[in-house]
1. For region 150-166, how many residues are assigned to a loop (DSSP other than H, G, I, E, B) and surrounded by 10 or more Cβ atoms within 10 Å (Cβ to Cβ)?
2. Out of region 96-121, which residues are surrounded by 15 or more Cβ atoms within 10 Å (Cβ to Cβ), in a strand (DSSP E or B) and modelled with pLDDT under 95?
3. Name the residue, out of 263, 317, 243, that is assigned by TED's automatic domain parsing to the domain that holds residue 38, farther than 19 Å from residue 179 by Cβ and free of Cβ contacts under 8 Å to residues at least 12 places away in the same chain.
4. Every residue in region 1-18 that is assigned to a loop (DSSP other than H, G, I, E, B) and over 16 Å from residue 324 (Cβ atoms), please.
5. Against the conditions (1) at pLDDT below 95; (2) over 18 Å from the mean Cα position of the chain (by Cα), where does residue 193 fall short? Just the number, please.
6. Which ones in region 189-225 are surrounded by 21 or more Cβ atoms within 10 Å (Cβ to Cβ) and in a loop (DSSP other than H, G, I, E, B)?
7. Would you mind listing the helices (runs of 4 or more DSSP H) fully within region 237-344 where at least 1 residues are surrounded by fewer than 19 Cβ atoms within 10 Å (Cβ to Cβ)?
8. Within the set of pairs 6 or more residues apart or between chains, which connect a residue that is at pLDDT below 95 inside region 4-22 to a residue that is surrounded by 12 or more Cβ atoms within 10 Å (Cβ to Cβ) and part of a strand (DSSP E or B) with Cβ atoms less than 9 Å apart?
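The values are calculated or read from the model by the stated rules, or taken from the named source; none is laboratory data. Treat the numbers as computed from the prediction; the structure is a model and nothing was measured. Cβ placement follows ideal geometry from the backbone for every residue including glycine, while neighbour counts extend to all protein chains displayed.
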């Protein structure tokens, strides 16, 4: 299986650069198990599409203002993108500079905080914030929201709200779980009135989610690692939903990765720790009955994940339909509601 098997043509003007005025006004391409035909709906129609007893599982991670700017002792400019808060004063980060900083070097942020470079760990640098102020406090004061690279503008004040889900609770992500961005309080209330239940996992989305696959063979790719937590209450909710005949619906690919990690031995159990699970066609997704997700980049691991759930040819055909119908793509774009299926 090759990376190029997951290519599709996307006109650049369909890449959403701004969020819509209303979260739930996004369009929703519904892809039943026997699709095509498709349904062209809106996210606000979800109460009509779901049933009482269904369980929506959200990712409640919160995006941190993870981008920092400063300079090395030599005077060279540096951009830091925090990948993970490690506890205490240490973080893992991508460091962009004309010359890679060496262990023992120092970086001074534009607002004055000093950082020591401890060394390399794979693609990242391990950094220590000097002084007593926690890194989280420095980020809140001096950090910039790390919008995805395909959004070609500087983050504005509105992004601080709109690039977070309304149910974000646990800080640690450097990218939003974008399927959750479509839900506002009015939609959640309407779903609750319908009898739809809500559950949450936490998966701190890392910057690696935007990294292109660097090998052509899908089987040779190694996923980046991300931290997640699937709690006992969510496992109990899933069990109750299954027992009562309801459907488990993942809101976003991060939820799928979390649930499949926690059910690695075939049974969903509480899990807290790192995952580097890579889901592509051939992996049977057992933990969910439907998936609400945004549109994903060509040749990306997330496109491979949705193809594992709904069939590669079927997904690519649905994407061609979305392009023809001028859907908006990627983080601030529209969404799909997928039901499982296999290619003919």
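1. Residues flagged as assigned to a loop (DSSP other than H, G, I, E, B) and surrounded by 10 or more Cβ atoms within 10 Å (Cβ to Cβ) within region 150-166 amount to 10.
2. Hit for region 96-121 is 97, nothing else.
3. So the residue among 263, 317, 243 that is assigned by TED's automatic domain parsing to the domain that holds residue 38, farther than 19 Å from residue 179 by Cβ and free of Cβ contacts under 8 Å to residues at least 12 places away in the same chain is 243.
4. 1, 7, 16, 17, 18
5. Among (1) at pLDDT below 95; (2) over 18 Å from the mean Cα position of the chain (by Cα), the lone unmet condition for residue 193 is (1).
6. Hits for region 189-225 are 196, 204, 205, 206.
7. Those helices (runs of 4 or more DSSP H) span 312-324.
8. Correct list of pairs: empty, since none qualify.
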